[in-house]
Number of protein chains: 4
Amino acid sequence: MTDGVKVAVVGATGYAGYELARILLRHPNLDEPTFYLRDSNSTVHCLTELFPQLRGWGEAPCKPFSVEAIRKSGAQAAFLATPHEASLDLVPDLLDAGLRVVDLSGAFRFANPATFSQWYKLPAPSSAALAEAVYGLPELYADRLASARLVANPGCYPTSVILGLRPLVEAGWIDAGRGVVCDCKSGASGAGKEPKRETHFVEVNGNFRAYGLFTHRHTPEVTEHTGLAPEDFMFTTHLLPVERGILSTLYVWLEQARSRDEIESAFRAFYAGRPMVRISRAGSLPELQHVARTNFCDIGFALDESGKRLVIVSCLDNLGKGAAGQAVQNFNCMMGWAEETGLI
Amino acid sequence: MTDGVKVAVVGATGYAGYELARILLRHPNLDEPTFYLRDSNSTVHCLTELFPQLRGWGEAPCKPFSVEAIRKSGAQAAFLATPHEASLDLVPDLLDAGLRVVDLSGAFRFANPATFSQWYKLPAPSSAALAEAVYGLPELYADRLASARLVANPGCYPTSVILGLRPLVEAGWIDAGRGVVCDCKSGASGAGKEPKRETHFVEVNGNFRAYGLFTHRHTPEVTEHTGLAPEDFMFTTHLLPVERGILSTLYVWLEQARSRDEIESAFRAFYAGRPMVRISRAGSLPELQHVARTNFCDIGFALDESGKRLVIVSCLDNLGKGAAGQAVQNFNCMMGWAEETGLI
Amino acid sequence: MTDGVKVAVVGATGYAGYELARILLRHPNLDEPTFYLRDSNSTVHCLTELFPQLRGWGEAPCKPFSVEAIRKSGAQAAFLATPHEASLDLVPDLLDAGLRVVDLSGAFRFANPATFSQWYKLPAPSSAALAEAVYGLPELYADRLASARLVANPGCYPTSVILGLRPLVEAGWIDAGRGVVCDCKSGASGAGKEPKRETHFVEVNGNFRAYGLFTHRHTPEVTEHTGLAPEDFMFTTHLLPVERGILSTLYVWLEQARSRDEIESAFRAFYAGRPMVRISRAGSLPELQHVARTNFCDIGFALDESGKRLVIVSCLDNLGKGAAGQAVQNFNCMMGWAEETGLI
Amino acid sequence: MTDGVKVAVVGATGYAGYELARILLRHPNLDEPTFYLRDSNSTVHCLTELFPQLRGWGEAPCKPFSVEAIRKSGAQAAFLATPHEASLDLVPDLLDAGLRVVDLSGAFRFANPATFSQWYKLPAPSSAALAEAVYGLPELYADRLASARLVANPGCYPTSVILGLRPLVEAGWIDAGRGVVCDCKSGASGAGKEPKRETHFVEVNGNFRAYGLFTHRHTPEVTEHTGLAPEDFMFTTHLLPVERGILSTLYVWLEQARSRDEIESAFRAFYAGRPMVRISRAGSLPELQHVARTNFCDIGFALDESGKRLVIVSCLDNLGKGAAGQAVQNFNCMMGWAEETGLI
């Protein structure tokens, strides 16, 4: 692991940060990453103090965060697994220091800064930084990632929904006027590491519930990258009693009758050469367990006999392809490496 | 428990049968029920041999099944927790012997016998018996239950979907032409007690998947009792990693904008005086855990700001209100008792 | 439910309190209980505001706590599901007001007040109150419960361990000098309703761990009621990824070889006439699922071929027989009712 | 992945086989392995047909099993994830064909062939093969693995128990005459992939139970490799509602009082230079989640104030360090590679 590329990770104390550490610690093209803690009173010297399960994987040294420290370390890039409000400030500073940035927060995901402010109730992001942000969905925007200085890593739900809908939207096959319904279900790690009543074991186990109806912050990402009109679109989220994974069931009416082969071919053609998307063979459907702890997004579908009612099932790991894994996939694209490097 | 009404239970070896036993053993108006086993080689004398968890609840004697034995026992009614094909034969015989019957199978659920044959790939039910069958959804058809000799207990998914949609369908508020989507999720006890690869612990735990898309047998029950056209309707089922419970997320577009108060009032008015349906207060949504191991169906909703996109959430216990509990509720109606007797 | 006995419940905001409400709301000999909240700023008028799952079960009115209010309500008894430190104060006051008390906390469980102070790091309980406290294990001390004014409801772990060991300890069959090992496992509801890192869903699901080794507060209850010497005894607790239930695996060496029949007979004789303890038939062992959401304690065992190595398995629901159910069983004994009233 | 070592895998249709495939497919020193199916009627050409979750990881070609086919393939070694009875036959044939063998079954684990026959109710293994078998616990027997032609991969439970007890047994610190108790708990994948009543989701979820008391086949492995006398030893196994992992709680009385530092030092010294065993810092204990899906065995302990009562907690992944991971670790030792190669 000598002579690898140097990277910095800011904010590795949550679940996405943990997953990022797990991936980066064994990425073949990288030096061991350094972890920067924003809490200046922290006495943590090593990430294994926070995550004992990482013992034996590498040193994972932790240092107090400063832009200057990162710059001097020789890091080429910084991953930010920080809260939205923190990223708002850190991203411009890190760009100014000459670093490339992959930001896992929502701060730089929207073309229009007002969208962010409206849905997140936070100040608008720096427009200079935003101007060069690339929405980090490599299957759609890989060509822009190669030279990107700032990548806004997508939300977990939007990744599953956009990848599931985009091929047919681009093909113009969807009768969008009849409405598109996205019924999404996520495991509890998506709700973060902070203990809350809603994610207390006894409240989640043996339970299942919908939440955030018509108010979920991931809504505008989906409409922006599918082109669906908000009024023709319903997006709901549910909490599954599992640790990891998102499964989105997507309902569309087709403009004209299609065959199963046509649908399958459309998906296969769209994702040809994309190693992290796996299309299920007709007749089988993806399962959460098959993508948990991976960076794959699995997509399958069922078509009714009339050929006009279509259900697409898209699933991924919310911390993997939905967060940390995708961040590394984006970074691989930024560096010109095979996009699956360190992810299989 | 003396001087109570006598009932027989046929086929109490599965999960719905177990739940039925659990309820009937402490029903205040009943004698201890007798359990009839269809396997003539069975050496089981007592249901606690099959379900040790019932020890201490009552004797629960098991006897070999025969219509004659049930008739002579003085039972007024028989509950059938038998496979569809068994109910096809047993129901006419039990009716002929003068018994009232609550059948938990799908055999007598459809007005048109061809519907059953088509979806279940089994012979059509006896038309004489079918002619007097009442679809046992007490919130909709209580008036017909009082005198019914045969009650076809609804499927678990349809109960949740029909109760969630019917008030607005009857009100004529739904823009059905845009399509109605029913995304349903069930716990694993709905798949029965027979070990299968699909319900093996390691395959279900930490997992979530869709199944039976466009082919689920419960589809025609829903269209029949909501009046929705099959081509404007999508109904999917998913397997949750929980033991019990169904949560259905129902998506409708409204013909004209409505307020939250209007929606809530419509539901409350429709289910006024119905103790087993609980309407959530506006702003809150039902959860699976609140109905597990009960006979309640909880219904809530979320309306978007435009007042035209509506998501209804309906949930119940698949073995309770979705099977055994509803069977007892039906029987209570048949006997003229308060419908919640023995169910709270 | 008119003309029943009136009772008060203090502190019904946690899981044991919820379970107590659930049981008391349908206890056949009681009026609907009144719930007293210690938080004087509470705006809760009805327990269903805290526990929506109780809607439809009864009114469950909540009032601000005061000894005077309880006294004037006509209540004969008060159940305290309060923290240890609260019970220390409330118990003497309620006794002085003429009420009988069932206290679910640990405050009055130990004959020697110093034991409480040492293990709970709290002031010693009132010695006057303590002098009349009865340790509420009805299978052992029913005769003292009939006239008791104060019942100290046992801990959940001790109930399972003491019931599992006491028959053979009393028989003098155990070679205690070789040591007795109690390996106990509990579901997460035993850790309370307050969100904590240790009971966050993601930290419990798919996980299993030991905790509180040699320091668990339930240790002295076990030694006090089994008579085992602390130095010959090891008691450990583990957190299971389930909501409810405790299973204790108890290891003893016998002084002389015994047969399976002898062991089974000893248990059956000891618990003859005790409806809430169920002895497994030789060759079968109890399971957590069989006691979850019940007030039963199930006990089984395995004996090696030599007849000298014995493993006893004892299980119960930590909120049922381990807390709220046992409190009601105790109250039934205090009132001279059948001890299983309202519990089956 | 060219120019790597060639290996064959026989019997990759179960969970241990799947895990073996997952590890071998990304082992840096190996060519892509070939999978041999014993069912000669199988139409499976690729392991991804059985395990869709492996798509994208490699080709994983499947071929009909024959010793000749394996020999001709150029494979240097074969991994057997076959049933005990199959390994009895296959191992001698593969050795005769000049292959080195890692056998995951129990067939060649015992020095005395009668031990195998007695506990497994199967014919004794070939004595010639047995004579050269090495019990594959690299932390204990690495020196013998380098030249081994046949490695008998240990059972999952014994790996956790032996690694937890051996340092103190060798040190002579245990008062074995007072008895050693091993209370072990395993996730459901240890029970195999074949659907059974005992591993049906509804029977495992929310449940916990002991099984195989005094009859578990792993018992003699533990006594053989710890030297404990069967009559001074109790070993029990329990089924946890998790997919993966074993946690063993081990109870010993010490001959004389020890300090926590002494205990910790003894463990650290014993496992110095052993990358797959992690000793917990005093005051912390291992958790199942920290070892799930890894090849680590984590060991921690708690000592009472007297310094004589000791509880050791040892945990690992039953399919990782308890089966497939350990098999690869053994193979690494056989090849002279770093033992953690491909396992971190």
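The table for this structure:
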| quantity | calculated |
| --- | --- |
| Placed amide H near B:Cys46: partners under 5 Å, 5+ positions off or other chain | B:Cys62 |
| Mean separation of Cα contacts under 8 Å (6+ apart) over length of the range D:7-135, as relative contact order % | 22 |
| Relative contact order (%) - chain A, alpha-carbon pairs under 8 angstrom, separation at least six | 17 |
| Sequence of A:Ser259, B:Ser127 when ordered by accessible area, the most exposed leading, probe 1.4 angstrom | B:Ser127, A:Ser259 |
| Placed amide H near A:His200: partners under 5 Å, 5+ positions off or other chain | C:Phe201 |
| For D:Ala114, label point 7 Å along C-beta direction: distances to other copies, nm | 5.8, 7.5, 8.9 |
| Of D:Phe233, D:Phe201, D:Phe65, the one that fluctuates the most in a GNM where chain D has Cα springs shorter than 10 Å | D:Phe201 |
| Two-decimal ratio, the range A:7-135, of alpha-carbon radius of gyration to 2.2 N^0.38 Å | 1.06 |
| Rounded to the nearest 10 Å², the accessible area of D:Lys308 at probe 1.4 Å | 80 |
| CD proxy at 222 nm, helix term only [per DSSP H run n ≥ 4: -39500 (n - 2.57); per residue of chain C; nearest 500] | -8500 deg cm²/dmol |
| Pairwise centroid distance, computed over Cα atoms, of the range B:1-69 with the range D:119-150, Å | 54 |
| Residues with amide H under 5 Å from that of C:Glu243, placed H, sequence gap 5 or more | C:Ala188 |
| Karplus-derived HN-Hα couplings along the range B:47-55 (A = 6.51, B = -1.76, C = 1.60, θ = phi - 60°), whole Hz, x at Gly and Pro | 4, 5, 5, 8, 10, x, 5, 8, 3 |
| Kyte-Doolittle at least -0.5, axis length at least 27 Å by Cα - qualifying DSSP helices, chain D | none |
| q = 0.11 Å⁻¹, the range C:156-318: log10 I(q)/I(0) [Debye, one scatterer per Cα] | -0.44 |
| Separation in nanometres of the label points that stand 7 Å from Cα toward Cβ, at C:Glu132 and C:Ala229 | 3.8 |
| Cα Rg over Rh - the protein assembly as shown, Kirkwood | 0.96 |
| For the range B:292-299, 3J(HN,Hα) per residue [Karplus equation, 6.51 cos²θ - 1.76 cosθ + 1.60, θ = phi - 60°, Hz, x = Gly/Pro] | 4, 6, 10, 9, 7, 10, 9, 10 |
| Alpha-carbon Rg with Dmax, taken over chain D, Å | 19.9, 64 |
| Ranked order, D:Glu68, B:Glu255, D:Glu287 - accessible area, probe 1.4 Å, largest first | B:Glu255, D:Glu68, D:Glu287 |
| Between the range B:279-310 and the range D:267-344, the Cα center-to-center distance that results, in Å | 48 |
| Shielding by partners - mean other protein chain Cβ count within 10 Å, residues of D:186-195 | 4 |
| Spin-label model distance (nm) - A:Lys72 vs B:Ala282, 7 Å beyond Cα toward Cβ | 6.0 |
| Computed E for A:Ala146/A:Arg260 - FRET, C-beta separation, R0 30 angstrom, nearest 0.05 | 0.25 |
| Greater than 28 Å apart at Cα, pairs in C:Lys321/D:Lys185; A:Lys63/A:Lys193; C:Lys193/D:Lys308; B:Lys121/B:Lys185; C:Lys321/D:Lys196 | C:Lys193/D:Lys308; C:Lys321/D:Lys196 |
| Heavy-atom surface of chain D, accessible at 1.4 Å and reported per residue (Å²) | 33 |
| Neighbourhood charge, 12 Å Cβ-Cβ cut-off, centred on A:Gly273 and excluding it, Lys, Arg +1 and Asp, Glu -1 | -1 |
| Partner chain coverage, peptide B:41-52 - average Cβ within 10 angstrom | 1 |
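The values are calculated or read from the model by the stated rules, or taken from the named source; none is laboratory data. What you see is a predicted model; the values in this text were computed from it and never measured. Don't worry about glycine lacking a Cβ; one is built from the backbone with ideal geometry, like all the others, and counts go over all protein chains shown. SASA here: full protein model, heavy atoms, side chains in, ligands and nucleic acids out. Shrake-Rupley method; radii C 1.70, N 1.55, O 1.52, S 1.80 Å.
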